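See structure below.
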Amino acid sequence: MESSRLANLTLAYKQVTIFAPINAAFQKFGELGDDTESLVLYHMTSVPKTTDQLGSSYTSLYSELSGSPPLWITHITGTYHDDIYVNNARILVSQSNIQSTGKDLIQVLHKIDDVLVPTRSPVSASNRIYNPTAWEFLENYENLMPSKNPFRVRNFRQKVQQNNKEDIYKVEGGHTFFIPIDEGFGNERAALIDEKIIDGHVIPKQVLFTTPTKKDVGYQTLANSDNDIRVVIIFTQEQRGTTVVNYVKSHTKFGDGKHAQGVVLAEIRQANIPVKNGVIHLIQKPLMVVDSNVKKLLEDHLDYICNVGNVANQENYKEPELFEYPVYIEPVQTFLQEQDGRILSNFFNAIQDAGPQGEEFLRTLERSHDVTLFAPCNKALEDDLTLNAILRDKARFMDILKLHLVVDDRLYVDKILKNSQTRVYQAQTLSKGKNLYFNVLTSGPNRTMTVEGGGVNATVIQADLAATNGVVHVIDRVLGVPYSTVLDKLRTDPMLAATYTLGTLQGFNNQLNNTNKKFTYFVPRDKAWFDAKVALPSAIKKIFMKEYAYHATATLERHLVISDVPYTMERIKQMTNETNTLGTFGQRREVELPAVRGSLKLYVEERQDNTFIIHWRGEKIPVFRPNVECTNGVIHVIDAPLLKEGDIQVSGASLATVVPQLLMLFVARYLLI
């Protein structure tokens with residue numbers, strides 16, 4: 001400011017608000033360039049406003065720079081404090097509102113954590129542009145951007161012109177524009193860009209800079225028609241060390257014959273370019289364009305790794321001291337690449353290494369019309385000794401691999417959510433007799449989907465990645481490779497909460513964490529206990545009462561088998577067939593399993609749909625989820641408890657035994673006195 005003649009004149013004779021970057025912001029920014037006067041004037045406005053006066057009514061202020069390019073104001077309401085941003089810079093409220101009232105001039109200074117960069121032609125340009133609209137930026141990109149900038153936008157500019165969409169980039173007001181760089185127009189992708197896709201790159205009536213914008217929330221684009229197509233854009237982030245890398249993803253909620261439903265993800269290569277009518281973000285590739293099958297998605301470099309979306313909340317932001325770096329560093333000019341850069345490369349490599357069966361699996365991903373793949377990200381396949389051993393066992397690995405694929409169905413999150421309203425939604429996988437079970441948790445606009453397969457509960461960290469022949473969900477664990485003990489599984493599975501609670505009454509559950517034993521646990525799901533309450537009201541009422549904890553434990557002991565090797569459903573079925581065929585009166589003879597309380601006599605029947613039925617004491621009990629693998633055994637989730645009405649007998653005498661015990665305690669206390 002000391003070297004700027006115009007800035008000093010402004011301070012001497014005009015009312016002003018100055019947004020002053022702290023020293024750390026300049027250290028992060030790097031070289032200032034030749035036109036420092038423009039940089040200084042862009043941080044000044046002739047409207048003197050404190051942070052309170054800025055309020056929520058201001059969305060922009062005109063700067064003192066020639067052409068009066070706007071400074072965009074964003075207000076963020078937080079749980080513990082509110083924040084105000086100027087473009088992408090945060091006002092450090094506790095260090096701001098410094099006022100001077102000399103010479104009848106009101107002047108206010110606010111400290112900010114980033115340098116504000118105006119969008120304008122360099123001083124050396126023959127025809128300078130001072131305050132471009134989004135279209136003027138696109139039309140004069142080579143003139144406006146620094147010569148060292150590695151990106152070009154020629155392809156997208158041509159598509160906008162061919163489709164006569166220039167007007168949406170000229171419209172007044174404040175909007176957010178996404179412009180894909182030429183790098184993302186490989187193969188035949190440019191031919192797929194049409195009017196609707198161009199509309200899907202504009203968020204109207206909202207100026208969204210990366211730092212203040214809410215993450216993982218959908219913002220409606222111009223591609224919005226109730227009867228045709230509806231596309232939202234979502235901001236998300238990835239933490240790479242101390243650097244935050246920004247991404248956007250288009251989510252086509254409703255598609256048509258040309259525009260597929262699902263998510264397309266792109267890295268923001270250069271963020272937060274302010275223009276007269278909003279802000280521009282340069283992105284790595286076009287949004288909405290789906291031109292790869294599922295196999296190709298696995299092969300390609302995807303701009304996404306496991307910790308995308310896993311950035312600390314802005315509520316925890318700490319204001320920097322005068323010479324500190326801010327806690328969160330915004331990589332406006334940082335173009336870091338992930339060392340691997342391929343979210344699914346480990347998964348894909350493991351399939352390729354599986355030999356002919358792996359090749360056949362990849363052909364299924366390439367040629368099938370409707371598939372849903374649950375693909376573990378790279379971190380899910382790293383540094384796991386059990387998993388590494390399984391990868392070496394090709395037959396076992398292929399069985400696990402097939403557990404990750406649903407054929408003949410595209411399972412978008414919306415479809416799973418719709419089908420989960422009244423029941424636990426499940427889908428049959430390519431692995432015979434093994435299903436996936438889904439749970440979708442919603443909290444306001446946020447949704448989290450989990451999927452269980454083979455006893456492993458995985459969280460979907462990126463849903464609905466769109467492919468030409470299906471959809472990919474990226475998950476954080478490999479399904480079918482257990483990592484929980486029987487106790488951990490009971491404790492964390494919401495479907496098994498009632499059985500877990502019963503096991504706590506007398507410490508029955510404690511043994512289930514022992515990894516030196518192998519358990520087979522027939523666990524009634526919560527609905528099974530609820531249904532049993534109707535059929536066996538007296539027994540169920542008593543078993544859940546604390547004073548009858550002995551009966552609860554005795555009942556659970558009937559459901560638990562301890563042996564050298566767990567009993568899978570297939571093993572019990574085989575034992576049923578091998579024991580002998582038919583007993584008296586043509587009935588199938590039962591298998592005896594060594595339960596904790598006595599022997600458990602039953603036999604298993606497999607139906608044509610690959611589901612199982614347990615026959616016990618004349619009852620036919622469906623197995624809702626068979627073979628839920630754990631590190632120390634297996635759980636079979638069943639649709640009814642192994643319980644009969646007469647199994648719990650509570651006589652008056654048993655209650656009466658409490659009275660003498662209380663009397664003895666009373667006498668003892670009396671004698672002590």
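The values are calculated or read from the model by the stated rules, or taken from the named source; none is laboratory data. Small disclaimer: the values here were computed from a predicted structure and weren't measured. Every residue, glycine as well, gets a Cβ built from its backbone with ideal geometry; the counts of neighbours run over all protein chains shown.
Counting the residues of segment 410-436 that are without any contact (Cβ under 8 Å) to a residue 40 or more places away in the chain and closer than 22 Å to THR468 by Cβ gives 3. In the set ASN457, ASN469, only one residue is modelled with pLDDT of 90 or more, surrounded by 17 or more Cβ atoms within 10 Å (Cβ to Cβ) and either outside the structural domain of ASN516 (by TED's automatic domain parsing) or within 27 Å of ALA266 (Cβ to Cβ) (or both); that residue is ASN469. Somewhere in segment 228-245, is a residue polar (S, T, N, Q), more than 27 Å from LEU138 (Cβ to Cβ) and modelled with pLDDT of 90 or more? Within segment 228-245, none of the residues are polar (S, T, N, Q), more than 27 Å from LEU138 (Cβ to Cβ) and modelled with pLDDT of 90 or more.
In the set LEU512, LEU496, which member is modelled with pLDDT of 90 or more, more than 24 Å from ILE416 (Cα to Cα) and in a helix (DSSP H, G or I)? Can you show your working first?
Details: LEU496 fails: more than 24 Å from ILE416 (Cα to Cα).
Answer to the selection: LEU512.
With ILE84, ILE73 as the choices, which residue is assigned by TED's automatic domain parsing to the domain that holds GLY33 and either part of a loop (DSSP other than H, G, I, E, B) or touching a residue at least 24 places away in the same chain (Cβ under 8 Å) (or both)? Result of the check over ILE84, ILE73: ILE84. Among the residues of segment 536-557, none qualifies, meaning not one is in contact with a strand residue (DSSP E or B) (Cβ under 8 Å, 6 or more places away or on another chain), β-branched (Val, Ile, Thr) and farther than 27 Å from PHE374 by Cα. The residue of segment 56-65 that is nearest to GLY278 (Cα to Cα), among those that are surrounded by 15 or more Cβ atoms within 10 Å (Cβ to Cβ) and at pLDDT 90 or above, is SER60.
If you go through segment 166-198 one residue at a time, how many are of a type in the set (A, V, I, L, M) and over 27 Å from the mean Cα position of the chain (by Cα)? Can you show your working first?
Step one: filter segment 166-198 for residues of a type in the set (A, V, I, L, M), giving 168, 171, 179, 181, 190-193, 197-198.
From the residues that got through so far, the ones that are over 27 Å from the mean Cα position of the chain (by Cα) too are 168, 171, 190-193.
Qualifying residue count, segment 166-198: 6.
Restricting segment 557-572 to residues that are among the charged types (D, E, K, R) and more than 21 Å from TYR500 (Cα to Cα) leaves a set whose member that is nearest to the chain's Cα centre (by Cα) is GLU570. Beta carbons closer than 7 Å, at least 6 apart along the sequence or on distinct chains, pair a first residue in segment 43-67 that is under 13 Å from LEU6 (Cα atoms) and aliphatic (A, V, I, L, M) with a second that is surrounded by 14 or more Cβ atoms within 10 Å (Cβ to Cβ) and at pLDDT below 90 for MET44/ALA7; MET44/THR10; LEU65/SER38. Can you tell me which of ASN577, ASN610 is in a loop (DSSP other than H, G, I, E, B) and of a type outside the set (Phe, Trp, Tyr)? From the options ASN577, ASN610, the qualifying one is ASN610. Only one of VAL207, VAL231 is surrounded by 21 or more Cβ atoms within 10 Å (Cβ to Cβ), farther than 24 Å from ASN87 by Cα and touching a Ser or Thr at 6+ places or on another chain (Cβ under 7 Å). Can you tell me which? It is VAL231. Among strands (runs of 3 or more DSSP E) entirely within segment 92-199, having at least 2 residues that are within 23 Å of TYR62 (Cα to Cα) and modelled with pLDDT under 95 singles out 98-100, 107-112.
In segment 413-424, the qualifying residues are those that are surrounded by fewer than 19 Cβ atoms within 10 Å (Cβ to Cβ) and touching a strand residue (DSSP E or B) at 6+ places or on another chain (Cβ under 9 Å), and the one that is nearest to PHE612 (Cα to Cα) is VAL424. On inspection, ARG396 fails the criterion of being part of a helix (DSSP H, G or I), basic (Lys, Arg) and modelled with pLDDT of 85 or more.
Scanning segment 410-441 for residues that are of a type outside the set (Val, Ile, Thr), farther than 21 Å from VAL481 by Cβ and not in a loop (DSSP other than H, G, I, E, B) yields ASP414, LYS415, LEU417, LYS418, ASN419, LEU441.
Can you pull out every residue in segment 239-266 that is surrounded by fewer than 21 Cβ atoms within 10 Å (Cβ to Cβ) and assigned to a strand (DSSP E or B)? Hits for segment 239-266 are GLN239, ARG240, THR243, VAL244, LYS253, PHE254. Per the conditions (1) assigned to a strand (DSSP E or B); (2) at pLDDT below 90; (3) not aromatic (Phe, Trp, Tyr), the sole criterion not satisfied by PRO622 is (2).
Going by what's in this entry, would LYS215 be described as in the same structural domain as HIS175 (by TED's automatic domain parsing), in contact with a Gly (Cβ under 6 Å, 6 or more places away or on another chain), touching a residue at least 24 places away in the same chain (Cβ under 8 Å) and in a loop (DSSP other than H, G, I, E, B)?
No, not satisfied.
When the criteria are applied in full, PHE151 fails the requirement of being outside the structural domain of ALA467 (by TED's automatic domain parsing), aromatic (Phe, Trp, Tyr), in contact with a helix residue (DSSP H, G or I) (Cβ under 8 Å, 6 or more places away or on another chain) and closer than 23 Å to ILE73 by Cα. Residue count for segment 515-528 satisfying the condition of being among the hydroxyl-bearing types (Ser, Thr, Tyr) and assigned to a strand (DSSP E or B): 2. Residue count for segment 26-50, restricted to those that are farther than 19 Å from GLU64 by Cα and assigned to a helix (DSSP H, G or I): 4.
Taking segment 614-627 only, how many residues are crowded, with 17+ Cβ neighbours inside 10 Å and within 29 Å of PRO537 (Cα to Cα)? Full working, then the answer.
The first filter runs over segment 614-627 and keeps only residues crowded, with 17+ Cβ neighbours inside 10 Å, leaving 614-616, 621, 623-627.
Right, trim to within 29 Å of PRO537 (Cα to Cα) and you get 614-616, 621, 623-626.
Result for segment 614-627: 8.
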